[in-house]
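**Student:** Shown below is the structure under consideration.
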Amino acid sequence: MKLPMALTVTTLELPESALSLLQEVGTVEGPEGWESRLDRAEALIALLTVRVDADLLARAPKLRIVANAVVGYDNVDVAACRERGVVVTNTPDVLTDASADLALALLLATVRKLPQAERSLRAGEFHGWRFWDYLGGDVGGATLGIFGLGRIGQAVARRARPFGMRVQYHSRSRLPAQTEAELGVTWVDWDTLLTTSDILSLHAPSTPQTRHVLDESALRRMRRGSYLINTARGPLVDEAALARVLADGHLAGAGLDVYEREPAVEPALLDLQTVVLLPHIASATPRTREAMARLAARNVHAMLTGRPPLTPV
Ligand code: DGY
C-alpha cells in the first residue's frame with residue numbers, strides 16, 4: 001500500500017536497495033537539510049552522530065519511528081522516545097562479523113605492533129632482518145578477557161580461540177552453561193577479568209553504568225604489560241587516564257577504534273607509539289554498511305505498513 005504522505009527523513013545517503021524500499025511506502029528526504037524537515041517526518045533514519053533527544057523530538061511532532069542505522073543506540077534518549085510513543089530500532093546481527101573481524105585485526109595489530117613497524121619501514125629504518133628488531137607481544141597462549149559477551153563479544157571469542165587464546169569474560173548476565181561450553185569461554189568476576197587478562201577487549205554498550213568503567217583505578221588494576229582494545233564505545237574508557245597508564249608503561253599497548261568525544265582524540269594519546277588509533281571503522285565494509293542501511297529501512301517500512309518493527313530496542 002503506497003502512503004505518499006508518509007515522510008522518512010534520512011540523515012545518511014541511502015543505498016538504492018534501502019531507498020526503493022522506503023519509496024514503496026512514502027517519500028524520502030535528506031540527508032541534505034534533514035533537520036529542517038523534521039516537522040513533517042513520520043520516520044527518521046539516524047546515525048550515532050545524531051543526538052535524538054527531547055529537543056529533537058519536540059521538533060518532530062509526527063515522528064513514529066527512529067531507525068538508528070547502527071547497533072549502538074547511546075545517541076538516542078530511548079525513555080524520551082517511549083514517552084512520546086516513538087519506536088526505536090537498531091541494526092543488530094548484520095554488522096557482527098565485520099565488527100568482530102576488526103576487533104581481532106586491531107588486537108593483532110596492537111599486540112604485534114604492526115603500525116609501528118610499518119611506520120618504521122616507511123621512514124627508511126628497515127636495514128634488513130635483525131634478530132632483536134620489531135618484537136611484539138604473543139597472542140597464542142594469551143588470556144583474552146572480554147567485557148560484554150553479546151553478539152559481537154561472542155564473535156570475537158570464536159575468532160580468538162583458533163589463535164590459541166584462552167578466553168574469559170565478564171558480562172551483566174552470565175550465558176547458559178551450554179553456550180559457554182560451545183564458545184569455550186569462562187565467566188569471571190570484574191576484578192578477575194581486570195587482573196588476570198593479558199588482553200582486555202571491550203564489547204559492552206555505553207550506558208551510565210559503563211561510563212568510565214575503565215577509569216584510572218581500573219586501568220591500574222589491569223595486569224602490568226597487558227593490552228586494552230576498545231571497539232565498543234569511547235565513554236567506557238577514561239581516555240586521559242589511559243594515556244597516563246600507557247605513558248608510564250603500566251599497559252603495554254592499546255588499540256582504539258572509538259573515542260570519548262569523537263571526532264576528538266585525547267591529544268596525549270596521539271603522542272604515544274604504543275597505541276593504535278583507528279577512526280571508528282569496525283563496521284566499515286560496503287556490504288555491512290548496505291545491510292545496516294537496509295535493515296533501518298526495513299524497520300521503517302514495517303512501521304509505515306502497520307507491522308511490528310523487526311529489531312526494536
Ligand atoms: C555501531 O553500529 O554501533 C557501530 O559503532 C558502527 O560501526
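The values are calculated or read from the model by the stated rules, or taken from the named source; none is laboratory data. These numbers come from a predicted model, not from an experiment. Here the Cβ is made from the backbone with ideal geometry for all residues, glycine too, and neighbour counts use every protein chain on show. The area values use the complete protein model at the heavy-atom level, side chains included, leaving out ligands, DNA and RNA. Shrake-Rupley method; radii C 1.70, N 1.55, O 1.52, S 1.80 Å.
**Student:** So how many residues does the stretch 55-81 have that are farther than 20 Å from A18 by Cβ, more than 11 Å from the ligand (Cβ to nearest atom) and within 24 Å of the chain's Cα centre (by Cα)?
**Tutor:** 6
**Student:** May I pose another question? Taking the stretch 9-27 as the search range and keeping residues that are among the hydrophobic types (A, V, I, L, M, F, W, C) and surrounded by 22 or more Cβ atoms within 10 Å (Cβ to Cβ), which one is modelled with the lowest pLDDT?
**Tutor:** Ranking the qualifying residues of the stretch 9-27, first place goes to V25.
**Student:** Now for a separate question. Does the stretch 37-44 include one or more residues that are more than 23 Å from V71 (Cα to Cα), hydrophobic (A, V, I, L, M, F, W, C) and touching a helix residue (DSSP H, G or I) at 6+ places or on another chain (Cβ under 9 Å)?
**Tutor:** No: zero hits.
**Student:** Still on this model: Looking at the stretch 54-79, I want the residues that are not assigned by TED's automatic domain parsing to the domain that holds V258 and have a partner that is near the ligand (Cβ under 9 Å from one of its atoms) and part of a strand (DSSP E or B) with Cβ atoms under 8 Å, at least 6 apart or on another chain. Which pairs are those?
**Tutor:** Once the first residue is not assigned by TED's automatic domain parsing to the domain that holds V258 and sits in the stretch 54-79, its partners that are near the ligand (Cβ under 9 Å from one of its atoms) and part of a strand (DSSP E or B) give N75/N68; V76/N68.
**Student:** I need the full set of residues from the stretch 257-274 which are open to solvent by less than 10 Å² (accessible area, probe 1.4 Å) and without any contact (Cβ under 8 Å) to a residue 60 or more places away in the chain, in order please.
**Tutor:** V258, L269
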